[in-house]
C-alpha cells in the first residue's frame, strides 16, 4: 500500500471522484507501520497480511463506523468488515481477499459459515460482500 499511496492520492485528487466515501483495497502488503498508509480525510482500517493478502478499507472521516478483522478458519481468506450509517441507511461491508491457491470449495464453506455465524444482513438495510475473487455460483 505504501509504495502505491502516491498513485491513490493522485487518483483521488485528479479525478475529483464523487463516489469515494468508502474505498476498498486488496492484495495489500504487510506494513510495519499503518500510519505510513494514511490518506488525509479518511479513517484507515487494515487487516494485517501474511505477505500480500491484506485488506484495507478507507472510510471518509465524516462517516462513523465500527470495524472488525479476521482470517477465515479453513481457507485463511482475509476479512475486513465495517458497519456504518450513511444518509440514514445502515450498511454492512465485508471485504474479502482470497489467495488464488486456496481451493474454491474451502472458500465457499468459509464464506457460508461466516455469513451465518455473523448473521450478515440481519440488522442492516444494505449488506455488501466485496472482493476480487468472490464469484460463488
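The values are calculated or read from the model by the stated rules, or taken from the named source; none is laboratory data. Note that the structure is predicted; figures quoted are calculated from it, not measured. Positions of Cβ are generated from backbone atoms using ideal geometry, with glycine treated the same way; all protein chains shown enter the neighbour counts.
In this structure, is residue 93 within 16 Å of residue 22 (Cα to Cα), modelled with pLDDT under 85 and either in contact with a strand residue (DSSP E or B) (Cβ under 8 Å, 6 or more places away or on another chain) or not in a strand (DSSP E or B) (or both)? Here the answer is no, as residue 93 does not meet what is asked. Do we find a residue being touching a strand residue (DSSP E or B) at 6+ places or on another chain (Cβ under 8 Å), modelled with pLDDT of 80 or more, surrounded by fewer than 17 Cβ atoms within 10 Å (Cβ to Cβ) and assigned to a strand (DSSP E or B) anywhere in the range 73-81? Checked against the condition, which is being touching a strand residue (DSSP E or B) at 6+ places or on another chain (Cβ under 8 Å), modelled with pLDDT of 80 or more, surrounded by fewer than 17 Cβ atoms within 10 Å (Cβ to Cβ) and assigned to a strand (DSSP E or B), the range 73-81 yields no hits at all. The requirement of being surrounded by 19 or more Cβ atoms within 10 Å (Cβ to Cβ), free of Cβ contacts under 8 Å to residues at least 60 places away in the same chain and out of contact with any helix residue (DSSP H, G or I) (no Cβ under 8 Å at 6 or more places or on another chain) is fulfilled somewhere in the range 114-122, by at least one residue. Could you tell me how many of the residues in the range 32-52 are at pLDDT 75 or above and within 14 Å of residue 98 (Cβ to Cβ)? The qualifying residues number 1.
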